[in-house]
Amino acid sequence: MQTAVSYGRVSTTTQNVDRQQINVEEFAFTKGYEIEKFFSDAVTGKTHTLERSGFQQMLKFCQTQNIKTLFVSEISRISRRVSHTISTVETLVEEHGMTVHIQHPSLLSFSPDKKGQIDILQKSMLMMLSLGAEMELTYQQSRRLEGIAEAKKKNKYRGRIKGSSYSKGQLIEKHPDIVNLLNHSALPDTKIAEIVKKGLSTVKRVKKAVNG
């Protein structure tokens, strides 16, 4: 059997990535591949792969082990932003010469053509898949805001009580993107706040929680 790697993502540390790993291993087996190593991140789909420690470890592992095939359960595991998804897959295929297999939907694959690029048909499919993932995110956010608005009408939504605060564990769980950058970079707090588009005070509170 040929060797490949796989990648999974969940939004929070309380979610389990095991099902993604099992599904992808089974999918790879049908293609004649054995998964050498599974990598994962617990970050939101809006977090760019450049800011994900698991994804970057996967890329480095592939380079050192000369592995050219990646399996992912669905396109949203890479990203829920069209621009992020396209740039990430293009980098994998065109810069690293890798083939990316997506299990859902339709068992699609993206691989370099004779010029080492993604052909126009593959790129069109990638764009449609990416758009679907981002539309799903937008729909989820819209439903959440509708739910909050409805709860406010019924005086059932108060948000966080004024003067209250999150526990250390709640802060870490609520801001996995900040935790990821704190643990895997030497960036200043101001730069982290800029990257994740959150307040500097939030970054400092999370940093204090991480350092315990």
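At a glance:
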read-out	value
Considering residues of region 91-102 that are assigned to a helix (DSSP H, G or I) and within 16 Å of the chain's Cα centre (by Cα) only, the residue nearest to Phe71 (Cα to Cα)	Leu92
Residue that is surrounded by the most Cβ atoms within 10 Å (Cβ to Cβ), among those in region 166-198 that are small (Gly, Ala, Ser) and part of a helix (DSSP H, G or I)	Ala193
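Values in this text are rule-based calculations from the coordinates and carry no lab data. If you're wondering where the values come from, they're calculated on a predicted model, not measured in any experiment. As a convention, Cβ positions derive from the backbone with ideal geometry for all residues, glycine included, and neighbour counts pool all protein chains shown.
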